[in-house]
Amino acid sequence: LITDVRLRRILDSRGNPTVEAEVTTENGGFGRGAAPSGASTGEHEAIELPASEAIATARDHVVPRLEGEVYAADQRAVDGVLHAADGTENFSEIGANSAVAISMAAAKAAADELGLPLYQHLGGAFRGDQFPTPLGNVVGGGEHAEEATNIQEFLSAPVGAPSVTDAIFANAEVHDRISSILEERGIPCNKGDEGAWAPPIGDDEAFEVLEEATNEVGEEFGFEISFGLDMAAAEMYDADADEYVYEGESNRSTDEQIDYVVEMVEEYDLAYVEDPLDENDFEAFAELTDRVGDQTLICGDDLYVTNVERLQEGIDLGSSNSILIKPNQIGTLSDAVDAIELGAENGIESVVSHRSGETEDTTIAHLAVGAAAPYIKTGTVAGERTAKLNELIRIEESA
Ligand code: PGA
Ligand code: ZN
């Protein structure tokens with residue numbers, strides 16, 4: 001039984017306040033969870049409130065309904081209380097940041113009480129032994145860095161890696177190799193919010209650099225490393241002009257955007273393309289998936305916002321063959337697992353994901369393993385990213 005729920009403000013990796021929750025149980029279980037925060041947030045995401053406001057409302061409306069009332073191990077009951085206390089469709093009363101922090105803290109308290117690793121508690125007895133392939137953001141711009149690429153993320157995708165651990169070290173090596181290549185080309189650069197290089201170059205040059213780095217490191221490591229993209233195209237889409245805006249290049253109509261993505265998939269043999277089109281254009285997504293869905297993963301992030309109703313629409317229309325899973329987009333672990341399961345039943349591959357603003361919380365590493373997600377996207381080298389990657393290394397060793 002949950003006996004104590006505490007909430008506080010802590011810092012996220014951008015230096016902004018975020019919500020941390022602690023849950024204690026009668027039998028001495030303890031769990032701590034912290035909410036991440038997006039910068040290129042989807043329009044249909046659950047609502048993040050200012051941390052202090054989210055904490056105050058959760059203290060008033062959620063904590064009394066959990067303490068002495070609900071078992072931490074009954075995740076559906078905990079998450080049901082969060083929904084009931086909030087009473088809206090999108091957590092606009094208590095804040096998805098309070099909701100997800102409490103949901104994750106309760107799961108960890110339950111695992112602690114049961115004496116199980118979190119992934120085992122989340123995955124249950126019939127979990128299987130699939131491990132996620134990590135997609136590593138190595139170059140980027142968009143909303144994550146000024147004066148850098150138009151495309152938000154270029155992702156190293158070590159599809160041939162024999163283990164998660166090999167894949168993690170390969171991504172780090174690709175990140176390192178890219179800095180050498182940029183230096184050779186005389187391109188100085190900073191880093192974006194997730195620790196990816198943020199060079200002042202066009203997307204064309206970034207493709208060249210990625211191809212060179214992934215080929216070299218793939219040869220050195222002895223397995224195939226492809227690469228992919230998060231285009232975060234909702235951020236580029238200008239609804240009034242009905243076109244995708246590219247700084248320093250011509251803009252693209254929806255048809256041109258689809259053709260452009262098809263060309264890139266074919267030219268660079270891309271393993272993965274996230275949000276190539278606007279977050280409300282299920283039809284354009286479907287056309288693209290129809291053209292290249294047998295060659296690559298077309299993933300919906302802002303399109304689906306981890307919401308099963310939006311995912312169902314995408315399934316009905318054939319909009320994608322992959323979904324990004326961000327627990328804070330929907331507010332609870334139960335909702336995130338529902339989206340993974342609906343996807344799996346319909347041949348949609350899940351990519352469990354961090355946010356651009358993160359903490360040391362490692363829940364998503366356990367969620368990806370527990371729910372047998374085929375991919376995880378959690379950066380490459382920054383400390384709040386390596387917290388998850390290093391946890392995956394430990395899980396792989398112990399599982
Ligand atoms: P965000 O970006 O966390 O800033 O939304 C990550 C993504 O778009 O996948
Ligand atoms: Zn995205």
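The values are calculated or read from the model by the stated rules, or taken from the named source; none is laboratory data. The model shown is predicted, which means the values in this text are computed figures rather than measured ones. With ideal geometry, Cβ positions are generated from the backbone for all residues, glycine too; neighbour counts draw on all protein chains shown. Ligands, DNA and RNA are stripped out before the accessible areas are found, and what is left, the full protein with its side chains, is counted by its heavy atoms. Shrake-Rupley method; radii C 1.70, N 1.55, O 1.52, S 1.80 Å.
The figures follow:
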{"quantity": "Near pairs, Cβ below 8 angstrom, 6+ apart or cross-chain, from region 367-383 (modelled with pLDDT of 95 or more) to any residue that is assigned to a helix (DSSP H, G or I) and among the aromatic types (Phe, Trp, Tyr)", "calculated": "367/119; 369/119; 370/119"}
{"quantity": "Count of region 323-337 residues which are in a helix (DSSP H, G or I), within 16 Å of ligand 2 (Cβ to nearest atom) and farther than 16 Å from residue 94 by Cβ", "calculated": "1"}
{"quantity": "Options 68, 128, 42: the member that is within 16 Å of ligand 1 (Cβ to nearest atom), open to solvent by less than 50 Å² (accessible area, probe 1.4 Å), touching a residue at least 60 places away in the same chain (Cβ under 8 Å) and not in a helix (DSSP H, G or I)", "calculated": "42"}
{"quantity": "Whichever residue in region 232-281 is touching a strand residue (DSSP E or B) at 6+ places or on another chain (Cβ under 7 Å) and among the hydrophobic types (A, V, I, L, M, F, W, C) and, among such residues, is farthest from ligand 1 (Cβ to nearest atom)", "calculated": "265"}
{"quantity": "Residue check, residue 210 crowded, with 22+ Cβ neighbours inside 10 Å and not in a helix (DSSP H, G or I)", "calculated": "no"}
{"quantity": "Any chance residue 305 is touching a residue at least 24 places away in the same chain (Cβ under 8 Å), within 27 Å of residue 82 (Cα to Cα), open to solvent by 30 Å² or more (accessible area, probe 1.4 Å) and within 14 Å of the chain's Cα centre (by Cα)", "calculated": "no"}
{"quantity": "Residue within region 178-189 that is within 16 Å of ligand 1 (Cβ to nearest atom) and open to solvent by less than 10 Å² (accessible area, probe 1.4 Å) present", "calculated": "no"}
{"quantity": "Leading residue by the ranking (least open to solvent (accessible area, probe 1.4 Å)) among those in region 23-39 that are assigned to a loop (DSSP other than H, G, I, E, B) and more than 14 Å from ligand 1 (Cβ to nearest atom)", "calculated": "29"}
{"quantity": "Qualifying residue in region 366-387 (condition: open to solvent by 30 Å² or more (accessible area, probe 1.4 Å), within 14 Å of ligand 2 (Cβ to nearest atom) and among the hydroxyl-bearing types (Ser, Thr, Tyr))", "calculated": "yes"}
{"quantity": "Residue within region 351-359 that is open to solvent by 10 Å² or more (accessible area, probe 1.4 Å), polar (S, T, N, Q) and either within 21 Å of residue 107 (Cβ to Cβ) or modelled with pLDDT of 95 or more (or both) present", "calculated": "no"}
